[in-house]
Amino acid sequence: WGQVFILDALSRYKAADAREAENIVERVTPRLQHANCAVVLSAVKMILQQMELITSTDVVRNLCKKMAPPLVTLLSAEPEIQYVALRNINLIVQRRPTILAHEIKVFFCKYNDPIYVKMEKLEIMIKLASDRNIDQVLLEFKEYATEVDVDFVRKAVRAIGRCAIKLERAAERCISVLLELIKIKVNYVVQEAIIVIKDIFRRYPNTYESIIATLCESLDTLDEPEAKASMIWIIGEYAERIDNADELLESFLESFPEEPAQVQLQLLTATVKLFLKKPTEGPQQMIQVTLKYYTCLCFKLLG
């Protein structure tokens, strides 16, 4: 505890210049080999603070190399310590992803990891994903998406979408994995995939519309508000490319009064988009029906 206290105090000390920062770091670096995880994490924290003042790229690179092995070693401890270490690593990779850029495999989830450890590892893998390792990462995420824990599966599917948004050159590969998961026809996987594909469409407009037909095949399985709203957004956004867009939106309108506000608002927006892109009698009538529903709901709310 004495070393931890001193290291925490040093982390709040602002060195006068780069030379003093290097001297402080040099004295603290041996603490990275300490057996106690609290001392190791405090040393890492202090070094990261002082690295902000160090101007030499060689010194910074060497420090990053020295910090990686102790952090990896912490992941062989019991789950509770792993969790604390992972929470800290999550913050570290946000500031200095290069420290663990080559160590992504140590964050792959093991079958016997507790769920709270798996969730943290997933977050770190997303942050460390790059064009160089994305194929490995996607294979892992695809495997996680077939596990039995529903929350973890949902998180894994979302992770694929976040990688697609983060890495433009890997977006097509991410979408291919999402489509493979949709074909498995597990309800909550399909719905989560549609939610993340909507975000990908927003990030890369007019790029991956060829998969819309596959998404429309899953309309009957949607029962969660966010998934419904996402599908409605896709139909409205690309109404001119979907031959039966009016029929698809009409199927959602049948249950309009029972739908949550999120879905109702998306339906209103989508029907307006449909009319603007296909100004025919059918879409015009749909807008009138939607506005009528909405007016009735507003009167009910007003009492």
- Query: Rank R173, R95 by accessible area, highest first, at a 1.4 Å probe radius?
  - Reply: R95, R173
- About its Cα centre, the chain carries a charge dipole, from +1 on Lys and Arg Cβ atoms and -1 on Asp and Glu Cβ atoms, whose size in debye to the nearest 20 is 1280
- If the chain between T269 and R173 were fully stretched, how many nm would it gain, using 0.36 nm times the residue separation less the Cα-Cα distance? 31.5 nm
- Item | In nm, spacing of pseudo-spin labels at R241 and D131 (7 Å Cα→C-beta vector) | 2.4
- Gain on full stretching of the segment that runs from V150 to E217 - 0.36 nm per residue minus C-alpha separation: 21.9 nm
- Query: To the nearest 10 degrees, how steeply does helix 79-95 sit against the main Cα axis of the chain, on a 0 to 90 scale?
  - Reply: 80
- Message: Once R0 is set to 51 Å, what does the formula 1/(1 + (r/R0)^6) return for the Cβ-Cβ distance between A16 and V289, expressed as a FRET efficiency to the nearest 0.05?
- Response: 0.10
- Query: Hey, could you pull the Cα Rg and Dmax for the chain, both in Å?
  - Reply: 25.3, 78
- How large is the charge dipole for segment 244-302, taken about the Cα centre, if only the Cβ atoms of Lys, Arg (+1) and Asp, Glu (-1) carry charge, to the nearest 20 debye? 280
- Would you work out which of N112, L179, P70 lies farthest towards the positive end of the dipole of the chain? Charges go on Cβ: Lys and Arg +1, Asp and Glu -1. P70
- Message: Can you tell me which aspartates and glutamates have their Cα less than 15 Å from the Cα of K198? Leave out same-chain residues fewer than eight positions away.
- Response: E172, E209, E224, E226, E237
- Query: Quick one: if you stick a label point 7 Å off each Cα along the C-beta vector at H34 and V84, how many nm between them?
  - Reply: 1.2
- At 222 nm, what helix-only mean residue ellipticity would the chain give, in deg cm²/dmol to the nearest 500, using -39500 (n - 2.57) for each DSSP H run of four or more? -22500 deg cm²/dmol
- Query: Taking 0.36 nm per residue of separation and subtracting the Cα-Cα distance, what length does fully extending T98 through T55 add?
  - Reply: 13.8 nm
- Note on the structure: Using alpha carbon centers only, segment 62-122 is separated from segment 1-29 by a whole-angstrom value of 23
- By the scheme Lys and Arg +1, Asp and Glu -1, what is the net charge of all other residues having a beta-carbon under 11 Å from that of L253? -4
- Message: At 1.4 Å probe size, put Y293, Y238 in order of accessible surface, largest to smallest.
- Response: Y293, Y238
- Can you sort D149, D243 by 1.4 Å-probe accessible area, starting with the largest? D243, D149
- Between A239, A213, A193, find the one with the highest GNM mean-square fluctuation for the chain; connect C-alpha pairs within less than 10 Å. A213
- Query: Going by average Cβ neighbours within 10 Å, how do the peptides 225-235, 282-292 rank, with the highest at the top?
  - Reply: 225-235, 282-292
- Classify segment 73-177: rounded, prolate or oblate, from the alpha-carbon gyration tensor (a ≥ b ≥ c, eigenvalue square roots; a/c under 1.5 rounded; otherwise prolate if a/b is larger than b/c)? oblate
- Gyration tensor verdict on segment 1-109 (Cα atoms; rounded if a/c is under 1.5, prolate if a/b is larger than b/c, oblate otherwise): oblate
- Note on the structure: Distance in Å, no decimals, from the C-alpha centre of segment 169-216 to the one of segment 127-153 is 15
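The values are calculated or read from the model by the stated rules, or taken from the named source; none is laboratory data. Every value quoted in this text rests on a predicted model; they were computed, and no experiment measured them. Neighbour counts are summed over all protein chains in view; Cβ atoms, including those assigned to glycine, are modelled from backbone coordinates with ideal geometry. Only protein heavy atoms, including side chains, enter the accessible area calculation; ligands, DNA and RNA are left aside. Shrake-Rupley method; radii C 1.70, N 1.55, O 1.52, S 1.80 Å.
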